[in-house]
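A.B. asks: The structure that follows is given in the form of structure tokens.
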Amino acid sequence: MKTRWAAGCLALMIVLTGASGALAQGFPARPVRLVVGQSAGGGMDVLARLVGQKLGEVLGQPVVVENKAGAAGIIGTTYVINAPPDGYTLLMAPIGNMVFTQILNTKLAYSAQRDLAPVARIATFPLVLVVDAARPIHSVAELIALMKADPRKSNYGGSGPAFQFATELFKIDTRTEAEFIQYKSTSEVITAIIAGDLLMALADTGPATPQLASGRLRALAVTSPSRLAALPDVPTMKEVGLPDLEIQYWAGIFAPAGTPAAVVKRLETELNRIVGLPDVTERMRALQVTPAGSTAAELASTLAADLARWSAVARTANIKPND
């Protein structure tokens with residue numbers, strides 16, 4: 001009896017493996033949808049359309065980008081989770097959707113780790129610590145000294161939890177205090193700093209670059225592992241004595257959980273090839289992001305590590321859920 005049961009299991013595994021392989025060989029037989037949980041025209045949308053166009057070319061089927069914005073990425077994520085797990089509906093998501101939204105919404109009906117299958121990371125992007133160039137603050141040490149001298153006048157801005165969490169980690173590591181003020185966009189944060197309404201911000205480099213170039217904004221440090229080519233004179237957080245502030249945010253592509261492994265592998269392979277193309281690299285760098293592919297397993301590991309890291313920051317900083 002045991003021998004027959006084992007033989008039956010083996011036969012079933014062979015059938016399932018063969019079916020998965022056959023599906024991958026025939027994939028895709030129709031257009032693929034790449035869902036973005038942000039509005040059209042934003043950085044994530046532009047990145048998705050760049051990658052989607054190239055992916056469509058190599059797959060031989062159109063990759064149609066669909067914007068399903070709202071609720072901090074929850075709408076788009078939920079849509080993909082509920083789609084058939086066949087590789088024809090994918091999600092382009094930044095760390096914010098996958099990590100911070102989960103930490104701040106404890107009553108979510110889904111789990112990114114349980115209900116999505118990582119496919120590949122696409123890009124990473126650091127943050128830059130900025131202040132008004134008119135202020136007499138020329139280093140991170142001077143900023144910390146000012147914050148400690150008068151905590152009541154210390155504040156910072158951000159357009160979302162990714163910036164709030166990063167700055168709260170800065171406060172934890174430097175033992176400083178500063179009030180968080182929410183803005184709709186990083187551009188508004190930059191304007192508020194220059195106007196004197198905010199002391200500082202950890203911002204994404206894209207919106208900050210024009211004002212840094214004009215001399216109205218001053219960069220004190222970057223969170224990348226090494227100095228940025230666009231800001232060669234700005235030290236890293238590690239260089240200024242804050243190694244825990246090395247932060248590389250990311251964007252990746254996910255599929256519904258249960259998508260056949262062979263299909264995920266096909267997509268992973270093609271996406272990593274696309275990320276390495278010279279014209280894609282050039283266009284990504286123009287968007288102030290770094291092309292950075294990965295395996296599905298590596299993206300899963302990154303997601304798990306970031307959930308643990310930023311959950312710990314939320315507890316220490318007493319960042320309350322939005323529920």
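A.B. asks: Could you give the length gained by full extension between ALA134 and THR269, i.e. 0.36 nm per residue of separation minus their alpha carbon distance, to one decimal place?
C.D. replies: The ALA134-THR269 span can extend by a further 43.8 nm.
A.B. asks: Out of [x] 21.1; [y] 20.2; [z] 23.6, which label holds the value of Kirkwood radius over Cα pairs in Å that was computed here?
C.D. replies: This structure yields the entry labelled [x].
A.B. asks: Next up: Please work out the FRET efficiency for the pair LEU277 and ASP233, using the Cβ-Cβ distance as r and a Förster radius of 35 Å; give the result to the nearest 0.05.
C.D. replies: Computed FRET efficiency for LEU277 and ASP233 comes out at 0.70.
A.B. asks: Using the Karplus curve 6.51 cos²θ - 1.76 cosθ + 1.60 with θ = phi - 60°, what ³J(HN,Hα) values do you get for each residue of the stretch 105-118, in whole Hz, with x for Gly and Pro?
C.D. replies: Per residue, the Karplus-derived 3J(HN,Hα) values read 10, 6, 9, 4, 7, 9, 10, 4, 6, 7, 9, 10, 10, x Hz.
A.B. asks: So, how do all the Cα-to-Cα distances of the stretch 253-323 break down into 10 Å bins, in percent, from 0 on up?
C.D. replies: Result, from short to long distances: 16, 32, 30, 20, 2 percent.
A.B. asks: Sort the following peptides by mean Cβ neighbour count (other Cβ atoms within 10 Å, averaged over residues), highest first: 295-304, 155-164.
C.D. replies: The most tightly packed comes first, giving 155-164, 295-304.
A.B. asks: Pairs to check: LYS184/LYS238; LYS54/LYS265; LYS171/LYS238; LYS107/LYS148; LYS107/LYS153. Give those whose C-alpha atoms are more than 27 Å from each other in this structure.
C.D. replies: Check vs 27 Å cut-off fails for LYS184/LYS238; LYS107/LYS148; LYS107/LYS153.
A.B. asks: Across the stretch 259-269, in residue order, what do the Karplus-derived ³J(HN,Hα) couplings come to in whole Hz, using 6.51 cos²θ - 1.76 cosθ + 1.60 with θ = phi - 60° and x for Gly and Pro?
C.D. replies: Whole-Hz 3J(HN,Hα) from phi for the stretch 259-269: 4, x, 4, 5, 6, 4, 5, 4, 5, 4, 4.
A.B. asks: Something else about it: Which whole-number percent gives the relative contact order of the chain, counting Cα pairs below 8 Å spaced six or more residues apart?
C.D. replies: With pairs under 8 Å counted, the relative contact order is 26 percent.
A.B. asks: Per DSSP H run of at least 4 residues, take -39500 (n - 2.57); add these up for the chain, divide by its residues and hand me the 222 nm value, nearest 500 deg cm²/dmol.
C.D. replies: -14000 deg cm²/dmol
A.B. asks: Still on this structure, please answer the following. Ordered by residue, what ³J(HN,Hα) values in Hz, to whole numbers, does the stretch 287-300 give under the Karplus form 6.51 cos²θ - 1.76 cosθ + 1.60, where θ = phi - 60° and Gly and Pro are x?
C.D. replies: For the stretch 287-300, the Karplus curve yields 8, 6, 10, 9, x, 7, x, 6, 7, 4, 5, 5, 5, 4 Hz.
A.B. asks: Give me the net charge for the shell around ALA219: Cβ to Cβ below 14 angstrom, other residues only, Lys and Arg +1, Asp and Glu -1.
C.D. replies: -1
A.B. asks: Something else about it: At 0.36 nm per residue, minus the direct Cα-Cα distance, what do ARG175 and GLN113 gain on full extension? Give it in nm, one decimal, please.
C.D. replies: 19.0 nm
A.B. asks: On alpha carbon coordinates alone, what is the Rg over Rh value for the stretch 182-319, Rh being the Kirkwood radius?
C.D. replies: Rg divided by Rh gives 1.01.
A.B. asks: Evaluate the charge dipole of the chain about its Cα centre and quote only its size in Debye, nearest 20, assuming +1 on the Cβ of each Lys and Arg and -1 on the Cβ of each Asp and Glu.
C.D. replies: 640
A.B. asks: Accessible area of the stretch 162-254 with a 1.4 Å probe: how many percent of it is carbon plus sulfur?
C.D. replies: Carbon and sulfur: 48 percent of the exposed surface of the stretch 162-254.
A.B. asks: Can you give me the convex hull volume of the Cα atoms of the stretch 92-201, divided per residue and expressed in Å³? Write down the numbers at each step before the final one.
C.D. replies: Numbers: hull volume 14.3 nm³, N = 110.
Per-residue hull volume (Cα only) is 130 Å³.
A.B. asks: Report the one residue of MET200, GLY157, THR302 whose Cα lies farthest in the direction of the positive end of the charge dipole of the chain (charges on C-beta: Lys and Arg +1, Asp and Glu -1; origin at the Cα centre).
C.D. replies: THR302
A.B. asks: Oh, and also: For GLU66, what residues show an amide H to amide H distance below 5 Å, using hydrogens built from the backbone and excluding near sequence neighbours?
C.D. replies: So GLU66 has HN proximity to LEU34, VAL35, VAL36.
The values are calculated or read from the model by the stated rules, or taken from the named source; none is laboratory data. Since this is a predicted model, take the numbers as computed values, not measurements. So basically every Cβ, Gly included, is an ideal-geometry build from the backbone, and we count neighbours across all protein chains shown. Accessible surface is based on the protein model in full, side chains and every heavy atom, while ligands, DNA and RNA are left aside. Shrake-Rupley method; radii C 1.70, N 1.55, O 1.52, S 1.80 Å.
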